[in-house]
Amino acid sequence: MGEAPLEGLGLLGQIRTDLAVEARDRLARDGRDEGIEVQEEERGHVHLRRVRVRDAAAARRIGKPPGTYTTIEAAELRARNPAIQEAVARITAEELRSLLPLEEQATVFVVGLGNAQATPDALGPRVVRELLVTRGIESSYPPEVRDGMRSVAALAPGVLGTTGIETSEVILGVAERIRPDALVVVDALAAGSLERLATTVQIADSGIEPGSGIGNAREPITRERLGVPVVAVGVPMVVRAFSIALETLERTLQEAAADPLPRRASRASAAPPAWDEARKRQVVESVVDPAAGDLMVTPKEVDLLVDDLAKVLAAALNVALHPRFRDVREFL
């Protein structure tokens, strides 16, 4: 989902994130968020934020194409709270329905991106495994069940390293044959903050560039390329080591600045150091060398979280795509 690192950062110091809210918040701190609108909404224990990237200039600054990026945030999602899982699934289904105003006879192609053999990257393939797939087998359902069921096809195309085929090539080839009315792409994302891991669902109407959040971007999958709406859905499952170190430094500086204790007399006349973005990155780079800077961190219980989140997203997709179903609890 993230198209590029934030504008103006060095190679190691790039703040790579697939989450538009994180990229926008960093720009806002520097007063550089022109052309980017934010709307917020509370629904019980779930917090929604919609980031709208209005123009090309704003897209360059934020590192993401123009479009709307909706995040559904719930801290208790990582605690595997069933009530929160249900709430997130229900809200995700509502958001997907609003982005995909489909005819009853429409065909939807769902693609689960990622490496099924690498757990932090296996979210997409596991969602596909949980989906209610109906294309080509509609006749096997009795008429009373068939009513309200759309034609849904699903595919987990693997990754270039194991197939030797670009993901976009697979998707374009299959889409050319089945001619879907819409494409939904599901992927594990990279966050810029630890608190986002397994707690945030992002839905974007701008398509996706696989691997961009970890600096390994492949060819983009967008409406312009496929000719049909492309909605991208994902949950951050990894965060870069550099981002953790930078976040730690920034929070330490904030707490030090707010410390009410008086300074020692010997320090009273000393001017505080200037901690601009360049200096912060320089300090972090001096600790986190280039090799460790690309280290990706994931929760130790990632296998359980990926399974849970796959069920949440699959439940949301099943309800959003098949009018027959209205209650996500049927799939959780």
Practice task
Would you check the accessible area of residue 141, probe 1.4 Å, heavy atoms only, in square angstrom rounded to 10?
Solution key: 50 Å²
Handout entry: Approximate spin-label separation residue 324-residue 133, in nm, with each point projected 7 Å along Cα-to-Cβ
Key = 1.7 nm
Handout entry: Anchor residue 64: lysines whose Cα lies under 18 Å away (excluding residues fewer than 8 positions away in-chain)
Key = none
Problem - Protection-proxy order for peptides 237-244, 71-78, each taking the mean of Cβ atoms within 10 Å per residue, highest first - result: 237-244, 71-78
Problem - Solvent-accessible area of residue 324 with every protein chain in place, 1.4 Å probe, in Å² to the nearest 10 - result: 110 Å²
Practice task
Given the peptides 165-177, 187-199, arrange them by the average over their residues of other C-beta atoms within 10 Å, most packed first.
Solution key: 187-199, 165-177
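Sorted by accessible area (1.4 Å probe), largest first, how do 109, 331 line up?
The ordering from most to least exposed comes out as 331, 109.
For every other residue with a beta carbon closer than 13 angstrom to the beta carbon of residue 227, add +1 if it is Lys or Arg and -1 if Asp or Glu, then tell me the sum. Spell out each step's value before the answer.
Details: positive: 179, 223, 225; negative: 176, 181, 224.
Once positives and negatives cancel, what remains is 0.
The values are calculated or read from the model by the stated rules, or taken from the named source; none is laboratory data. Predicted model, so just to flag it, every value in this text is computed and none were measured. Note that each Cβ is placed from the backbone with ideal geometry, even for glycine, and that neighbours are counted across all protein chains shown. We work out accessible area using only protein heavy atoms, side chains counted, and drop any ligands, DNA or RNA first. Shrake-Rupley method; radii C 1.70, N 1.55, O 1.52, S 1.80 Å.
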